[in-house]
Structures are given as structure tokens and as C-alpha cells.
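*Asks:* Attaching a single structure in C-alpha cells format; questions to follow.
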Amino acid sequence: MSVTVAGHAGFCMGVKQAVAAAENAAQEAASQHIPCYSLGEVVHNPAVTQHLAEMGVRAVNSVEDAQGGLLILRSHGVAPGVLRRCDELGIPYVDCTCPHVQALHQAVEGCQADAVVLIGEKEHPEVRGTAGWCPCPVWVICTPQEAEALPLLDSALVVSQTTLPDEQWDAMLPILRTRIRRPEFRRSICAATRLRQQAARELAAVSDLMLVVGGRKSANTRKLYEACCQLCPRTILVESAAEVPPGIIDIHTHQIGIAAGASTPDWSLKEVVTVMNELENKALENTEPVAPEAETPVVEAPAAEAPEAPVAEAPAAEAPAEAPQAEAAPEAAKPADENDFMASVEASMRRIHTGQTVTGTVVQVTDDEVCVNIGYKSDGLIKRTDLVDTDVKVGDEIEVEVVKVNDGEGNVILSQRNIINKKTWDALMAKFEAGEYVEATGKEAVKGGLICMVEGVRAFVPASRLSKRYVEKIDQFVGQPMKLKIIDVDQQKKRIVCSRKDVLIEEEATKKAAAWEKLEKDAIVTGIVRRFADFGAFVDLGGVDGLIHITDLAWYRVGHPSEVLSINQEVQVKVLSVDRERERIQLGYKQLQPQPWDNIEEKYPVGLIVERKFVRIRPFGAFIELEPGVDGLVHISQVALTRVAKVEDALTVGQIVPVEVLGVDPEAHRISLSIRKVLEANSAEYAEAPAEEAPAEEAPVEEAPAEEAPEAPAEE
């Protein structure tokens, strides 16, 4: 007969945090001399509720009942309206909502679909609280019949109560796919719930008797009980050790299993385990007297010799003849008394088994080992190599694990190092349940993956889980520190399988979500140019990429993004548009640069003559680039002194000529230019120059300008 506790039982991470926060809140309220309330039960467990009540926490049904005190919001979470009501009434509160429930709230709050379909119990506080966070219509269903009764939906986000059994979720999905055209399934079942149900099923399948410890109001405990009933008909739900039936163990009970819901405190579970151990001991006592009966011939040996006493009884009246007979009875009774005494002493001793954790007192210390009294019929021995506290001394209390109940010489072999390893393992399992990351270091590249050490525990990372992309050389990770996520556990072999890829994906998703939060139209953000395309440049905004279209790179015409930007350049850009559904972000770079048409009238006043290059020719005239982003037009009537049929007859693209500004229209972005005006001015100057210079210069000097005049345009 043996008593086994499920591998995952009792408080989960979320409940443990909630109870600790509630205890701190009660102490804080007491220090401020104000009452402390909880909106409903912090967790659905009577032992926890009683414990918090003893600390001064009183459960109330409405926010208004908590005025003048400190309010604790239960682990099941509340709707946002409750938080607003607390703020309106000025009631300070401590939010003990489970992190998994908070993640569920965030998922439904950010829903972009037409509706939310929530699988769970309609009246459960977690379901009611979650429904309050939905920005769109929400449908709460619990059975396949309710799923089939849903109206046809175009799109919907499908989530569940965190304590929902996996099989219930899986049964709903095929039905919902027929009712929702574009469903988005997000499995929100807590990992702790899943692990407890799995561990309980495995234990129930091999047990003759199953005890489920937890509150009857607790959804996760109730579902745990229902799962165990399917595999072990003798399954009993108890809220405390006092509810364990005294005659529960019979001769047909060989394997006893104990499971506990995620809201069951450790002390309740330990009390039940203790009671079951006591009942087991009593059951064993009732069956073990057979052994002493087999040894009765040894006890009766003196009694068998008693009839021989008459050899000395020849004189029947002689007292000496009776004396030996009188003494024979006590001698015969004495061994029986000693056996009864030893049986009672042994019965009072602790029953131990391999792998059990016990607390003992150090009674002897030698160079090689330490002797510990663990309340068993023989003391336990620990080798120095299995000690963590090497400076232990006689009288110290230490926690140890039973390695062997009997080493062949009657000694109990103990280990303290196994306790530390077990605590490390338990800490890793807590992180596994919570979905937390672990720190690791690559140790060895092997076929198919990488061996890592995670807090002293050997872990395997498959090659496909090392990176988001294919990894050709696994040995590049050897010796490298990295963050991993535990994705699979072998409890028996104490081995774990981890993923670096999952961490990278989740961190990228977190960065992406944070980036989307700060993205709004017209916002100014900073990013890094990552890559070019013919149509624009992609900018990393810290988790998401935005596109600067080529037309938004500069105020002038751009042939390729590399003409304006460079790879890995840090730039400030303006958010032109955000499409969250299609995950597209349109950015502008030129919008933050000075516009070339600003103060254009001051830069190019009417009458100003400049020399510029022709960039385009059209039938109606030619365009000259005054500066990047600013073009001026020379109308066909202004390209020469005489009328021309085609602009190409007088000008060519790339030719640099002097032009005069005729007019500026800043609003229409138009500047009129003239070559003719410059030519006319030059002709007038030429005509006037000989008349003025004739008295002072000789004829040959007058002819030089006349010859050079026509050549000037040719040279230009």
C-alpha cells in the first residue's frame, strides 16, 4: 500500500501571487487602522478564505460596500467598470488578478473581429469579468449545443475560461468553424490547469482510491474531480482533512492517489496527506499482527517446559516446587510484553519511502558522513559529498531526502543535495507552468540540436528551435548564453526540451505590440533604414516595418531611394497612415524636410537672371531645374528672339543658359522664365556700346565686339 501525490498539485503561480498580495494588503490595512475587504472570495477555497478572514479580510459583494477601506480584487479578475467605480468612489484597491486572466483580458480588449466567442461558465466570475473587457458583442457558450445555436458570424475571436479542460476546447473547435467564416482561435487555457489535470488523470488511472483536495466552488477543482471520476470510480472530493472518511481504506486498497486544484493551499494538501498516512499506518497495523503469531513458538518455549517442573514436585506440599512454577509464568509473559512494546514503538515510528523529503536532527558528525535522526526506527546517514551545508554540527535541523530505506545493513541512506536539485527542478517547473523564460548556456552540439545547461539541469534544444531561420552550424551556440522557453518535460528522467525560437518570436511580438501602441497618424517617430525597393525604403520602427514610398522621400523627383537615404541610417519620419488590420504603415520623409517652395519669391524675385540647366523639353516649352524640387518653365515663345516651330530647334536637354524670372506663383508652384528677355537685354547693350565708346577707341577695337557677339552664344 502506498500514498502518492500527483506531480502537479496545489497552488499555481497565479493563485500563490494573489494570496500573497492579499496577505500584504491585509497587513497594510491593519497598519493604517482601516478595514480590508475583498470583492468576493480572493480564491474559491474555504481554507484560504478562513485564513484571510483571520487576518481581517472581509468579503463584500459590491464596490460600494468597501468605502472607507482597502479593497482586494480577486484572482478571477473584474470588468473595467469595477475599476472605474473604485476610482469614482476614491476606494484604494489591490489588483490580485491572475497573470493568465490579465492576458485573456488584453486579448479580448484588442479584438479587431466582429465578435468575441468566450467558452466557459456564464456565471463564473472570471467569465463575467472577461466579458466586460470585450469592445464588441460577446457570446458566452459552454456546450456543443450552445455552439451550434450561434448565429452565423463573419469574423470572431474565440477564447476560453482559463480553467477549461482541453477536451472541451477541442470539441468546440469543429463546430465553431461551421458558425464563423473567419475565426481566430486563441487557446487561453492556463498551463497550470492543463498540467494538474494531466497529472491527476495519470495517477487516477493506476489508483484504487483517489482523493481530490479543493474548494467545491472552485471550477478547476471540480473539473479535476470529474476527470478523476472517469478513470477511478472511487474518487472523493474533500475540502479539508476533516472530511476524509476514517474507514476509507480497506484490504482492497493498494494504491492511493491525491490530487489538488490550483486554488488549494499547501497546508490543506499536507493535512490530507498526513491523515492518509496515518490511516495507512493503522491499516497496516491491523494486517501486520500475523508476523508475531508466526514467532509465538519462541515466546511459548518456557511455557512448554513448565510441565517438567513436577520433577521437583515429589513432595507436593513443598513450596520450592511451586516457586519455579510461579517464576515460569512471568518469564513466559515477559517476552510477550517486550514484543508488544516493540510493536507499539515501531508503530509509532515514521513510515518512510524512497524519494520522501523529511526533516531530521544531526546526532553525529564524522569525517566521511553525518548521522541524522529522522524519527524512524534507525537513523539516516548522509555522505559528505551529498551535503550542501558542509558546516553542519550536532543539534542542527536539516531537510533531507530518503535515497534508500535499507542499504542492506539496516541503514537509511539520505541526501541533502537531492533536495537542492529537487527545489531547482520545482523552480523550473514553476517557470514552465507560468510560461517564463530560463537562462541557459550552450554546452555541446549534438546530432539534431544543442545540449544546454539550465540552472544545472540538462536541456535539449532541437535544431529547428534554435532560430527563426535555418541554422547550418549549431556549434556557433556552444558557450553562448541565451534565453530559452521550456516546451516539454520528462518528469521521470528529469529532462527538459527548450526552444530559443519561441523566445525570439514572443519577444518580437512584444516589441511589435509596443511599437503598434505608439503608432498614430501624424506621429513623428525614429527608425532605422533596413532595405530598399524600387518603389521605396523600408524603415524598422522597433518591431514593425514602415514604408517610405519613393514619392515621399524628397520634394523633388527621385529615381531610387539610395539617392536620398542609406542602409542602417537613423531617420525621423512622419506617420502618414496606419492600417492595423493589414499591418501596413505609410511613412513620409520629405514631410519633415524644408519645402523648396517656402520663401520662393524672396529667392527668385522677378527680374533675377540665373544660369541653369534644361532638364525636360515639352511641345509648349522647356523646364529648367532652379534647385532640387523647384522647376521653372520657359514657354516656347520665350526661348529665342524669333519665333520657333519646335523648342528642340533652339534648345537641347542638359544645355545651360541664362534665364530671367518673369513671374512667381507660390501657391500653384509655378515660375515663368525667359531666355528671350536675356537675349534682348544683351542685344540692347550691344547696340548702345559702340555709340558710347566711338570717341575713345579706334575702328579695329569697335569691330572686335561685333565679331565676338555672335560667338558668345555658341561658346555658351
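*Asks:* Any idea which of (1) outside any helix (DSSP H, G or I); (2) more than 27 Å from the chain's Cα centre (by Cα); (3) modelled with pLDDT of 85 or more is the one Ile249 doesn't satisfy?
*Replies:* Condition (3) is where Ile249 drops out.
*Asks:* Counting just the residues of segment 64-101 that are closer than 27 Å to Leu150 by Cβ and of a type outside the set (Gly, Ala, Ser), which one comes out surrounded by the fewest Cβ atoms within 10 Å (Cβ to Cβ)?
*Replies:* In the first step, residues of segment 64-101 are kept if they are closer than 27 Å to Leu150 by Cβ; the result is 76-81, 100-101.
So of that shortlist, the ones also of a type outside the set (Gly, Ala, Ser) come out as 76, 78, 80, 100-101.
Numbers: His76: 28, Val78: 26, Pro80: 12, His100: 24, Val101: 25.
The selected residue is Pro80.
*Asks:* Sticking with this structure for a sec: Go over the candidates Ser160, Ser155 one by one and state the one that is in contact (Cβ under 8 Å) with a residue 40 or more places away in the chain, of a type outside the set (Asp, Glu), within 23 Å of Cys12 (Cβ to Cβ) and not assigned by TED's automatic domain parsing to the domain that holds Cys232. Even if it seems obvious, please write down each step before you answer.
*Replies:* On the way: Ser155 fails: within 23 Å of Cys12 (Cβ to Cβ).
Unique residue meeting the criteria: Ser160.
*Asks:* Under 6 Å between Cβ atoms, at least 6 apart or on separate chains: pull out the pairs that start in segment 82-93 with a residue that is closer than 18 Å to Pro125 by Cα and end on any residue that is surrounded by fewer than 11 Cβ atoms within 10 Å (Cβ to Cβ).
*Replies:* none
*Asks:* Please pick out the residue among Ala115, Ala107, Ala79 that is touching a residue at least 60 places away in the same chain (Cβ under 8 Å) and within 27 Å of the chain's Cα centre (by Cα). First the steps, then the outcome.
*Replies:* Working: Ala115 fails: touching a residue at least 60 places away in the same chain (Cβ under 8 Å); Ala79 fails: touching a residue at least 60 places away in the same chain (Cβ under 8 Å).
Of Ala115, Ala107, Ala79, the one residue that is touching a residue at least 60 places away in the same chain (Cβ under 8 Å) and within 27 Å of the chain's Cα centre (by Cα) is Ala107.
*Asks:* Could you grab the pairs with beta carbons closer than 9 Å, sequence gap of 6+ or different chains, first residue in segment 616-631 and at negative phi and part of a loop (DSSP other than H, G, I, E, B), second one modelled with pLDDT under 90 and not aromatic (Phe, Trp, Tyr)?
*Replies:* Note: pairs meeting the criteria are Pro619/Ile636; Pro619/Lys646; Pro619/Val647; Phe620/Ile636; Phe620/Val647; Pro628/Ala554; Pro628/Arg557; Pro628/Pro596.
*Asks:* Hey, Val206 hits all of (1) out of contact with any helix residue (DSSP H, G or I) (no Cβ under 8 Å at 6 or more places or on another chain); (2) within 27 Å of Thr49 (Cβ to Cβ); (3) in a loop (DSSP other than H, G, I, E, B) but one; which does it fall short on?
*Replies:* (2)
*Asks:* When you scan segment 68-180 for helices (runs of 4 or more DSSP H) that lie fully inside it, which ones turn up with 3 or more residues that are within 20 Å of Ala434 (Cα to Cα)?
*Replies:* Hits in segment 68-180: 99-109.
*Asks:* Scan segment 522-540 for residues that are more than 16 Å from Leu565 (Cα to Cα) and surrounded by 15 or more Cβ atoms within 10 Å (Cβ to Cβ) and jot them down.
*Replies:* So in segment 522-540, the residues more than 16 Å from Leu565 (Cα to Cα) come out as 522-525.
The one that is more than 16 Å from Leu565 (Cα to Cα) and surrounded by 15 or more Cβ atoms within 10 Å (Cβ to Cβ): Val525.
*Asks:* Please go through (1) assigned by TED's automatic domain parsing to the domain that holds Asp154; (2) touching a residue at least 40 places away in the same chain (Cβ under 8 Å) for Val140 and return the number of the only condition it doesn't satisfy.
*Replies:* It fails just one condition, (2).
*Asks:* Continuing with the same structure: Take the residues in segment 447-493 that are out of contact with any Phe, Trp or Tyr (no Cβ under 8 Å at 6 or more places or on another chain), crowded, with 19+ Cβ neighbours inside 10 Å and not aliphatic (A, V, I, L, M), then tell me which one is nearest to Ala6 (Cα to Cα).
*Replies:* It comes out as Arg465.
*Asks:* Quick check: anything in segment 454-463 within 34 Å of the chain's Cα centre (by Cα), closer than 16 Å to Arg500 by Cα and either in contact (Cβ under 8 Å) with a residue 40 or more places away in the chain or assigned to a helix (DSSP H, G or I) (or both)?
*Replies:* Yes: segment 454-463 contains one or more residues that are within 34 Å of the chain's Cα centre (by Cα), closer than 16 Å to Arg500 by Cα and either in contact (Cβ under 8 Å) with a residue 40 or more places away in the chain or assigned to a helix (DSSP H, G or I) (or both).
*Asks:* Let me ask you something else. Give the residue that is nearest to Ala459 (Cα to Cα), with candidates limited to residues of segment 391-436 that are at pLDDT below 80 and among the β-branched types (Val, Ile, Thr).
*Replies:* Ranking the qualifying residues of segment 391-436, first place goes to Ile420.
*Asks:* A further question follows. Please state which of the following conditions Leu195 fails to meet, knowing it meets all the rest: (1) touching a strand residue (DSSP E or B) at 6+ places or on another chain (Cβ under 7 Å); (2) surrounded by fewer than 24 Cβ atoms within 10 Å (Cβ to Cβ); (3) not polar (S, T, N, Q); (4) not assigned by TED's automatic domain parsing to the domain that holds Val127.
*Replies:* So the condition that Leu195 fails would be (1).
*Asks:* Looking only at segment 2-58, count how many residues are on the phi > 0 side of the Ramachandran plot and in contact with an Asp or Glu (Cβ under 7 Å, 6 or more places away or on another chain). Give the steps one after another, and end with the answer.
*Replies:* Taking segment 2-58 first, the residues on the phi > 0 side of the Ramachandran plot are 10, 33, 40, 56.
Of the ones still in play, those that are also in contact with an Asp or Glu (Cβ under 7 Å, 6 or more places away or on another chain) are 10.
So the answer is 1.
The values are calculated or read from the model by the stated rules, or taken from the named source; none is laboratory data. For clarity, every value in this text was computed on a predicted model and none was experimentally measured. We place every Cβ from the backbone using ideal geometry, glycine too, and count neighbours over all the protein chains shown.
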